[in-house]
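Novice: Here you go, one structure.
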Amino acid sequence: MRHVAAAVRGRIGFLTFANPKRRNALSVRLLTELTEGLARLRARRVPVVVLAAAAGSKCWSAGADLSEIEKSGHDPLGYESPLERALRAVESYPGPVIAMVRGGVWGGACDLVLTCDMIVGDPSATFAITPVKVGIPYNASGILHFINQLGLNRAKEMFFTAEPIDARRALLFGILNHLAPPEELEEYTLALARKVARHSALSVAVIKEQFRILSGAHPISPETFERVEELRRKVLGSRDYSEGIRAFLEKRPARFRGK
């Protein structure tokens, strides 16, 4: 059974998370299917994509599958990690990817949603970026992404507290483009997608690429980049990092010791 269902209706593509038993956790399999699904839609020149969770899902996505992180022992946010490949696939897709959100969006899934070009949610939508709960050092590209989307202080608040923000506050923060009633969410999202699909796909694709390039135009020196990576390596090799993941999997509070 696939973890991401793909379909095309008219000029709109649909990629739907379909693993509710695991709360649509961002497993290697789910992320690989997402990346492959985007590649297939790209090959078919589908001008706009809606990314959603299956109807009835209480959680849009619970974020990273920590059981896989524990087994691999690798940096879960490295350049070639499945999550980073999926984020780049969304960013580079030659047309808008619209997230349609019901329920909780946690951890890396929050980064995935913010990577989408537009986000429509209903009142059940909540957003939380939670690496500090499990001792994961978030990567520089991800942090810059949150700064670009939310501004510095709001990004800091979300990272430092790891507390979810509700749909109304997400609208205020600029996470949500639109907040729709539950019974109107799908039609509202489809109406937005149809508006995009009516226009020049080439023009939209070029403008999206300009947004991508210009929003990432924050040069740093090689020395600064190495400093950032060294800070992350310090956490990845720490006792707290291992403890945070084990505690999450064992469903108990983590006992962090700062080393």
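Novice: Note down the Stokes-Einstein diffusion coefficient of the chain in µm²/s, whole number, using a Kirkwood radius over alpha carbon pairs, 4 °C, and 1.567 mPa s. Please report the intermediate quantities before stating the final value.
Specialist: Details: Rh = 18.8 Å.
Answer, rounded: 69 µm²/s.
Novice: For LEU26, which sequence-distant residues (separation of 5 or more, or a different chain) have an amide H within less than 5 Å of its own amide H, given hydrogens modelled in the peptide plane?
Specialist: ALA62, GLY63, ALA64, ASP65
Novice: May I pose another question? Which of the trypsin sites (Lys or Arg not before Pro) found in the stretch 1-72 are in a DSSP loop and have at most 16 neighbouring Cβ atoms, other than their own, within 10 Å? Could you put the intermediate results ahead of the total?
Specialist: Numbers: sites: ARG2, ARG9, ARG11, LYS21, ARG22, ARG23, ARG29, ARG40, ARG42, ARG44, ARG45, LYS58, LYS71; in loops: ARG2, ARG11, ARG23, ARG44, ARG45, LYS58.
When the trypsin sites (Lys or Arg not before Pro) of the stretch 1-72 are filtered for loop state and at most 16 Cβ neighbours within 10 Å, ARG2, ARG11, ARG44, ARG45, LYS58 remain.
Novice: Each residue of the stretch 144-149 in turn: what ³J(HN,Hα) in whole Hz from Karplus with 6.51, -1.76, 1.60 and θ = phi - 60°, glycine and Pro shown as x?
Specialist: 4, 4, 5, 4, 4, 7
Novice: Going by a ≥ b ≥ c, the root eigenvalues of the Cα gyration tensor, does the stretch 36-85 fall in the rounded group (a/c under 1.5), the prolate group (a/b larger than b/c) or the oblate group?
Specialist: Numbers: a/c = 3.58, a/b = 1.40, b/c = 2.56.
Cα axes put the stretch 36-85 in the oblate bin.
Novice: Given the peptides 200-209, 81-90, 97-106, arrange them by the average over their residues of other C-beta atoms within 10 Å, most packed first. The partial results should precede the final answer.
Specialist: Numbers: 200-209: 13.7, 81-90: 20.4, 97-106: 25.1.
My ranking of the peptides, most packed first, is 97-106, 81-90, 200-209.
Novice: Also, I was wondering about something else. Distance check, please: which entries in LYS156/LYS251; LYS21/LYS251; LYS21/LYS156; LYS133/LYS251; LYS58/LYS156 exceed 22 angstrom between their Cα atoms?
Specialist: Numbers: LYS156/LYS251 26 Å; LYS21/LYS251 17 Å; LYS21/LYS156 32 Å; LYS133/LYS251 12 Å; LYS58/LYS156 27 Å.
Violating the 22 Å Cα-Cα cut-off are LYS156/LYS251; LYS21/LYS156; LYS58/LYS156.
Novice: With viscosity set to 1.567 mPa s and temperature to 4 °C, compute the Stokes-Einstein D of the stretch 53-113, Rh being the Kirkwood radius across alpha carbon pairs; µm²/s, no decimals.
Specialist: Details: Rh = 12.8 Å.
Rounded, D is 101 µm²/s.
Novice: Here is a further query. Using modelled amide H (1.01 Å from N, peptide plane; none on Pro or chain starts), what sits under 5 Å from the amide H of ALA180, excluding residues fewer than 5 places away?
Specialist: Excluding prolines and chain starts, which carry no amide H, the hits are GLY121, ASP122.
Novice: What distance in nm separates the two pseudo spin-label positions at GLU36 and PHE160, each 7 Å out from Cα along the beta-carbon direction?
Specialist: Here the answer is 4.3 nm between the modelled labels.
Novice: Just need the relative contact order of the stretch 42-167 here, percent rounded to a whole number, with Cα pairs under 8 Å and 6+ apart. Before the final figure, lay out the partial values.
Specialist: Working: 188 pairs, mean separation 31.3, N = 126.
Answer for the stretch 42-167 is 25 percent.
Novice: Let me ask another. Looking at the stretch 1-82, which GluC sites (Glu not before Pro) are DSSP coil and have at most 16 other C-beta atoms within 10 Å of their C-beta? Spell out each step's value before the answer.
Specialist: Working: sites: GLU33, GLU36, GLU68, GLU70, GLU80; in loops: GLU80.
Hits after loop and neighbour filter: GLU80.
Novice: Another one. Classify the stretch 1-111 from the C-alpha gyration tensor, please: rounded if a/c falls under 1.5, else prolate or oblate depending on whether a/b exceeds b/c. Numbers along the way, then the final one.
Specialist: Numbers: a/c = 1.97, a/b = 1.34, b/c = 1.47.
It is oblate, given that a/c is not under 1.5 and a/b is not larger than b/c.
Novice: I need the phi-derived Karplus couplings for the stretch 10-19: 6.51 cos²θ - 1.76 cosθ + 1.60, θ = phi - 60°, integer Hz, Gly and Pro marked x.
Specialist: 3J(HN,Hα) across the stretch 10-19, in whole Hz: x, 9, 10, x, 10, 10, 10, 5, 9, 10.
Novice: Please state, as a whole number in µm²/s, the translational diffusion coefficient that the Stokes-Einstein equation yields for the stretch 157-259 at 25 °C and 0.890 mPa s, with Rh defined as the Kirkwood radius across alpha carbon pairs. Mind showing how you got there, number by number?
Specialist: Values: Rh = 18.8 Å.
So the translational diffusion coefficient is about 130 µm²/s.
Coordinate-derived values only; no laboratory data. None of the values given here were measured: they were computed from a predicted structure. As a convention, Cβ positions derive from the backbone with ideal geometry for all residues, glycine included, and neighbour counts pool all protein chains shown.
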